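Reading through the structure tokens given below for one structure.
The values are calculated or read from the model by the stated rules, or taken from the named source; none is laboratory data. All of these numbers come straight from a predicted model, not from anything done at the bench. We place every Cβ from the backbone using ideal geometry, glycine too, and count neighbours over all the protein chains shown.
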Amino acid sequence: MIRAVLFDLDETLFDHRGAVTHAAVAWTRALSPGHRPLTDLPALWLELERRHLPAWHAGECSFAEQRRRRLRDFCRLMRLPLPTDLDAAYADFLRHYEAAWTAFPDAADTVDTLTGRGLTLGILTNGVPVQQEAKLRRIGLMDRLDPVLTPDALGAFKPAPECYLAAAAKLGLRPQEILLVGDDRELDAIGPSRVGMRGVWLDRHDTGHTDPHRPPRITSLRELPALLA
């Protein structure tokens, strides 16, 4: 029996790609007016996230340093001038990013539908708590999702088994009593299944698979209440 539903945040409830799209374009224009992009700015930024975040997760560098590495690569690949103060430059990027924070249209509806069913509804994210909680406040979901579980509190990142087991311990539940839903098939569906936690892959872009042995897949959060039923 499922007693708790944990949501990933970025690209599950929160439109991270949309905010990155706005920020990458606005920041590049501010840094180099008239610059003609050599590639898809948002796609490049997201690829650099995937390339550099694992070093922070593995403890090889600080959170701030992986940001600096991303910015260096972004400027090099886009043939942009490298800012002298990378931390100040990233702060400028963040201002553009934060200006575009928004929830997906199905986020609040789904949380509202599940509220009152006797379920614990929370967040399990690989992000840093200050920023992730600020996102939840901005999109109006902070008061409806508790707890907000991050690696700072759990001591491990998804998809490490220790992360899911620590999340279950925080909730006082067995992994089998928890369902995790998120946009990353490995982190949010396959990973938790390895410790007995249920996982649902939110495939917003309908990239799809038909293998019945894979974790359950939905293309909208609005499908989740029926899946739980």
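Of note:
- Among (1) under 24 Å from L53 (Cβ atoms); (2) surrounded by fewer than 17 Cβ atoms within 10 Å (Cβ to Cβ); (3) acidic (D, E); (4) without any contact (Cβ under 8 Å) to a residue 24 or more places away in the chain, the one test that E186 misses: (4)
- Subset of the stretch 6-21 (residues that are touching a helix residue (DSSP H, G or I) at 6+ places or on another chain (Cβ under 6 Å) and either over 30 Å from K170 (Cβ atoms) or aliphatic (A, V, I, L, M) (or both)): L9, L13, A19, V20, T21
- Unique residue being buried (at least 18 other Cβ atoms within 10 Å of the Cβ), among the hydroxyl-bearing types (S, T, Y) and not assigned by TED's automatic domain parsing to the domain that holds D203 when the list is T21, T39, T84: T21
- Among the residues making up the stretch 1-12, a single one is surrounded by 22 or more Cβ atoms within 10 Å (Cβ to Cβ) and either modelled with pLDDT under 95 or within 14 Å of Q131 (Cβ to Cβ) (or both): L9.
- Per-region count, the stretch 1-37, residues charged (D, E, K, R) and under 22 Å from G127 (Cα atoms): 5
- Of the residues C75, C61, the single one that is touching a Lys or Arg at 6+ places or on another chain (Cβ under 8 Å) and either of a type outside the set (S, T, N, Q) or not assigned by TED's automatic domain parsing to the domain that holds D40 (or both) is C61.
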